[in-house]
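Below is one structure; the comments refer to it alone.
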């Protein structure tokens with residue numbers, strides 16, 4: 001049976017497809033957020049950070065992390081998106097702070 005376009009693209013672009021049908025990248029992000037990036041995820045999505053930003057409820061961030069780490073569900077996409085959002089926000093604030101400082105010194 002011929003592969004669908006999505007299956008062909010996934011296999012072609014990654015070069016490897018796990019027997020489960022998940023791509024290599026999906027398998028890695030799942031593991032990375034449980035192991036290698038676990039501490040970073042917790043730091044970026046901590047209760048204090050979540051509460052101060054207001055874009056996600058701390059209880060929800062904890063729930064995502066706990067369910068992902070236990071293996072009950074794969075929330076790597078959700079966790080990764082929230083981590084990127086937090087890093088983007090920090091970068092935006094630092095940039096605004098630098099601009100404000102340079103204007104004050106001019």
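So the values come out like this:
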| item | result |
| --- | --- |
| Computed lengthening from residue 62 to residue 80, 0.36 nm per intervening residue step minus Cα-Cα distance | 5.1 nm |
| Amide N of the range 65-91 lying under 15 Å from the label point, which is placed 7 angstrom from the Cα of residue 52 along Cα→Cβ | 86-91 |
| Computed FRET value (nearest 0.05) for residue 42 with residue 95, which takes r as the C-beta separation and R₀ as 30 Å | 0.75 |
| Distance histogram for the range 42-99 (every C-alpha pair counted, 10 angstrom bins, percent rounded to whole numbers) | 23, 49, 21, 6, 1 |
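No lab work stands behind these numbers, since they all come straight from the coordinates. Every value quoted in this text rests on a predicted model; they were computed, and no experiment measured them. Neighbour counts run over all protein chains shown; Cβ positions are idealised from the backbone, glycine included.
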